[in-house]
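Each remark here refers to the structure printed beneath this line.
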Amino acid sequence: MLFKDIPGLESIKSTLIRSVQTSHLAHAQLFDSAPGGGGLALALAFSTYINCTNRSEEDSCGVCASCAKMNKLIHPDFHFIFPIATSKKIDGKTSEAFLSYWRSFILESPYRLLPEWLDYISAENKQGNIAVEEARGILRKLSVKAYEGEYKILLLWKPDIMNASASNALLKILEEPPFKTIFLLVSDQSDRLLTTIISRTQRIAVPAFSDKDVRTFLMDHTVSESTAKHITYLSDGNLSEALQLVKETGDDRSGWFIEWMRSCYKYDVAHLVKFADSFDGMNKEKQKGLLDYALRLFRDMLVWSHGAGELLRVPEEELTFVQNFSKAVNFESLENMIQEVNVAYYHIERNVRAKMVLLDLSLTIAHFFQRR
Ligand SMILES: [Zn+2]
């Protein structure tokens, strides 16, 4: 991973680069990242940069022997610790046994969340854990002198899920670090870290990606401009979520929503029944995604009808629809609609028959239109 592969976050990148150039490398650094943010990607690019033998003022060279190994995450001076869980697929009690899976998981994309990782290894529970033995094993991993690079680097992903004994074992190491070793802690829930760990590290705050960065990133990865705009709007700077949405796309949420609302408005019961039928045939994630989308637009309409239209992040194509729709219902109805969609969402989550849920919701919404 090179810095240039990561969208935006320019000032953080230059701070990291400067710290290498001026040899002011803190031995323990905490990448305190927004969920789905650039924390892990930055830590990887930073590690690559630290050991690159031909780095420029902006980035690693990407081609030297060190970069080539970092590129595959097989550099002998670069170590990982990450959460694991019991898995039918993999037999092992420490992250070592999961390493090859971990490498391909991260090489696919470094903008990912713990549940995705646990899915990837077919974990039997949905927690994930970094055991105290793992923390103690850190010293063994680092006890040999750096083979090739100047520094040994240990990247610890999700220190926030460590229990007290593992955290304390880590703390001990951070207090008396081995020579020429750098610890990079990457967390997307730093509020769950022991304050003693936070105080032993240099904190690097990594904010969520900007809308522009998400959009550009998606368009650079062969997503069409209109879909990219759409997904950017839905993902709130969370690149992990944006990439998940790209996978699910194919479903045109806004088209679906607009057609649904038109049928409600016209009180076209026959069409609403058909709609409910097709909704019933979708998987639960997609059903929830559509209701989520409806909720978001309803909330935006509420904002719009309160005269705070400039706050909206609605993509241009939907703006006209939102404006017209807001004129067709009053505040109270809109608030009720939000309430009803929330109830429907709750029912879908609890496996109430989707067809009934959507038809019920459609008819309720149709009534609100009648009442304006
Ligand atoms: Zn290099």
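Stokes-Einstein at 4 °C, 1.567 mPa s, Kirkwood radius from Cα pairs: D for region 172-297 in µm² s⁻¹? The partial results should precede the final answer.
Numbers: Rh = 18.2 Å.
Answer from the Stokes-Einstein relation: 71 µm²/s.
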* Structure fact -> Of the residues Thr48, Ala270, Tyr293, the Cα lying farthest along the dipole of the chain towards its positive end, which is defined by charges on the beta carbon of Lys, Arg, Asp and Glu, belongs to Thr48
* Each label point is 7 Å from the Cα along the Cα-to-Cβ direction; what then is the distance between the points at Asp220 and Ser56, in nm? -> 1.5 nm
* **FRET E, pair Gln202, Cys64, Förster distance 30 Å, beta-carbon r, rounded to 0.05** => 0.65
* **Residues with amide H under 5 Å from that of Val223, placed H, sequence gap 5 or more** => none
* In Å, what is the Rg of the alpha-carbon atoms in region 253-370, and how long is Dmax? -> 13.6, 39
* Angle, helix 284-305 long axis vs. longest principal axis of the chain, Cα atoms, 0 to 90°, nearest 10? -> 70 degrees
* Structure fact -> Under 5 Å from the placed amide H of Phe80, counting only residues 5+ away or on other chains, we find Leu155
* **GNM result for the chain, Cα springs below 10 Å: residue of Thr227, Thr53, Thr196 fluctuating most strongly** => Thr196
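Taking a ≥ b ≥ c as the square roots of the Cα gyration tensor eigenvalues, with a/c under 1.5 meaning rounded and otherwise prolate when a/b beats b/c, else oblate, which class fits region 3-207?
Details: a/c = 1.40, a/b = 1.31, b/c = 1.07.
Cα axes put region 3-207 in the rounded bin.
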* Asked: Which three extents, in whole angstrom, do the alpha-carbon atoms of region 1-75 cover along their principal axes, largest first?
  -> 32, 26, 22
* To do: For the chain, state what percent of all Cα-Cα pairs lands in each successive 20 Å bin, counting from 0 Å until the bin that includes the largest distance.
  => 25, 46, 25, 3
* Given Ser143, Tyr111, Ile74, which one lies farthest toward the positive end of the charge dipole of region 3-207, if we put +1 on the Cβ of every Lys and Arg and -1 on the Cβ of every Asp and Glu? -> Ser143
* Given a Förster distance of 22 angstrom, what is the FRET efficiency for Ala97 paired with Leu139, based on the Cβ-Cβ distance and rounded to 0.05? -> 0.70
* Asked: Under a point-charge model restricted to the Cβ atoms of Lys and Arg (+1) and Asp and Glu (-1), what is the dipole moment magnitude of the chain relative to its Cα centre, in debye to the nearest 20?
  -> 740 debye
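Select from region 178-237 those trypsin sites (Lys or Arg not before Pro) which occupy a DSSP coil region and have at most 13 other Cβ atoms within 10 Å, ordered by residue number.
Here no loop site has a sparse enough neighbourhood.
How about region 99-146: which trypsin sites (Lys or Arg not before Pro) there lie in a loop by DSSP and see at most 15 other Cβ atoms within 10 Å? Before the final figure, lay out the partial values.
Working: sites: Arg103, Arg112, Lys126, Arg136, Arg140, Lys141, Lys145; in loops: Arg112, Lys126, Lys145.
Answer in residue order: Lys126, Lys145.
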* Degrees separating the helix 225-235 axis from the principal Cα axis of the chain, which is the longest one -> 80 degrees
* Asked: What does the charge dipole of region 253-370 about its Cα centre add up to, to the nearest 20 debye, if the Cβ of each Lys and Arg holds +1 and the Cβ of each Asp and Glu holds -1?
  -> 280 debye
* Asked: Between Trp102, Trp157, Trp256, which gets the highest mean-square fluctuation from a Gaussian network model of the chain, Cα cutoff 10 Å?
  -> Trp256
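Local charge sum around Leu2 (other residues, Cβ-Cβ under 12 Å, Lys/Arg +1, Asp/Glu -1)? Spell out each step's value before the answer.
On the way: positive: Lys4, Lys13, Arg55; negative: Asp5, Glu58, Asp59.
Around Leu2, the charge tally is 0.
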* Structure fact -> Length gained if Asn125 through His306 is fully extended, taking 0.36 nm per residue and subtracting the Cα-Cα distance, is 60.7 nm
* Asked: Taking the Cα centre of region 1-145 as origin and charging only Cβ (+1 Lys, Arg; -1 Asp, Glu), how large is the dipole, in debye to the nearest 20?
  -> 360 debye
* Structure fact -> Over its alpha-carbon atoms, region 36-97 yields an Rg and a Dmax in Å of 14.5, 46
* Asked: Where the Cα atoms of region 109-255 are projected onto their three principal axes, how long is each span, largest first, in whole Å?
  -> 58, 36, 29
* Specify the angular offset, from 0 to 90 degrees and rounded to the nearest 10, of the alpha carbon long axis of helix 239-248 from the longest principal axis of the alpha carbons in the chain. => 50 degrees
* Structure fact -> For the chain, the charge dipole (Cβ of Lys, Arg +1; Cβ of Asp, Glu -1; about the Cα centre) points to a positive end, and the Cα of Tyr346, Met1, Thr320 closest to that extreme belongs to Met1
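Values in this text are rule-based calculations from the coordinates and carry no lab data. Predicted model, so just to flag it, every value in this text is computed and none were measured. Positions of Cβ are generated from backbone atoms using ideal geometry, with glycine treated the same way; all protein chains shown enter the neighbour counts.
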